[in-house]
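Notes follow the structure.
Bear in mind that the values in this text are calculations on the coordinates, not laboratory data. A quick note: this is a predicted structure, and the numbers were derived from the prediction, not measured. Positions of Cβ are backbone-derived with ideal geometry, glycine not excepted, and every protein chain shown enters the neighbour counts.
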Amino acid sequence: MVFRRLRPVRGLRSDLRGGEAEPQGRGGSRHVSRPNVRADEYPAVHARLAAAEDELGRLQEDQVAGRTPVKRAPASGGRQTLKLLPYRRYAGVNRDDPLRFYYWPVLGKLYRRRIELCLTECTGGARVLEVGFGSGVAFCNLNEMYDEIHGLDLTANIGEVEAVFQGLGIETRLCNGSVLSLPYEDGFFDTVLLISILEHLKPVELEGAFREISRVLKPDGQVVYGVPIERGIMVVLFRLLGCDIRRHHFSTERDVHETAGRFLREARTVQMRSAVGAVYEVGHFRKAELTR
C-alpha cells in the first residue's frame, strides 16, 4: 500500500515530524526529516485530519453567519475569494444547475474564478440585485458588500434558497421572474449582477434586458456581468460532461458587450484566461442616458 505524504496540521506536528530538522545544506536551505509515522498509525492520523477539516468548516460557517466578527469588504472591492458553503448545504435548484462543478478539482477552479472576477468588480453599496442567482453561491460575499441582497431567478425555489441563508443570518429578498421585466422601481439598485445569464438570451432580447437593467439602476449605478467566450475545446469538454452548451447559448460575448454599450457607459472589461486562451469575459458598465 502506498501512502501520500501528509501536510502538517496544527496539533499533529509531533506526530508527523518525529525528529529535529537536519543541518542546513549548501546555500542555506533547510531540510526537514520525513514524517516518522508507522503504517498502523495512519488511520488515527487520518481521523484527526478529518476532525480538523470538520472544525475548519464549522469555523468558516460561523464566520459567514456572523457569529464571529466579519469585516465589511472595502468599497473599492479588492480581489474577492468565493465563500462557498459545503455542497450539501445548498438547496432550491434542479439537477441542471452547475453547482456540483464548483467542487471539482480543475473545472471547479474555473467556475469559482469567473464568479470571483465578477465580485471583484462590484463596488458595494445599499442594494444589489443578482439576476439568475441559482443556489445563491455569491450571497455570502455580497452580504459583506451590500446592506440588502435582492435576487431574481426564473426557476429557483425561493423558499428553500432563502431558508439556507436565513440559517446563516443572511437576509435575502428573492423572487421568480425575468430580466426582461424587472419587478422593481426606477433607480433602485447600486449594482445589478448577472453571472452567466445573458448568453442564454437571443441577441434581439439583449436590448430589452439592458433597457430594464438601466432603468432600475441608480444614477451612476453599475451593472457587472459575466459571459463565457465559446471555444471549440470547451464545447467538446462540456459534451463529455453531458452538456451541449450550444443548445443553451444564443448570444456571444461580443453581442452582449455591444448591446451593453448602447445603454450604459463602459468602465472596463476583463477576461479570464486559461491554457487555451480567453474563456470568460466580465463587463463592468455604469448608468448612462438611453440612446434609443
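Show me 260-268, 163-171 ranked by packing, highest mean number of other Cβ atoms within 10 Å first.
Descending mean neighbour count gives 260-268, 163-171.
Near Glu162, within a Cβ-to-Cβ distance under 12 Å, what is the net charge of the other residues, with Lys and Arg +1 and Asp and Glu -1? Spell out each step's value before the answer.
Working: positive: Arg173; negative: Asp153, Glu160, Glu171.
Here the charged neighbours net out to -2.
Would you mind getting me the FRET efficiency between Arg113 and Ala267? Use the beta-carbon distance for r and R0 = 25 Å, nearest 0.05.
On the way: r = 20 Å, r/R0 = 0.81.
According to the calculation, E is roughly 0.80.
Answer rounded, prolate or oblate for segment 92-169, using the Cα gyration tensor with square roots of eigenvalues a ≥ b ≥ c: rounded when a/c is under 1.5, else prolate when a/b is larger than b/c, else oblate.
Oblate shape, in that a/c is at least 1.5 and b/c is the bigger or equal ratio.
Quick one: Karplus J couplings for segment 179-196, per residue in order, coefficients 6.51, -1.76, 1.60, θ = phi - 60°, nearest Hz, x for Gly and Pro?
Once rounded to whole Hz, the list reads 5, 7, 8, 6, x, 9, 6, 5, x, 9, 10, 6, 9, 10, 10, 9, 10, 6.
If I model a spin label as a point 7 Å beyond the Cα along the Cα-Cβ vector, how far apart are those points for Asp147 and Ser181 in nm?
3.1 nm
Using a 10 Å cut-off around each Cβ, can you sort Asp255, Asp153 from fewest to most neighbouring Cβ atoms?
Asp255, Asp153
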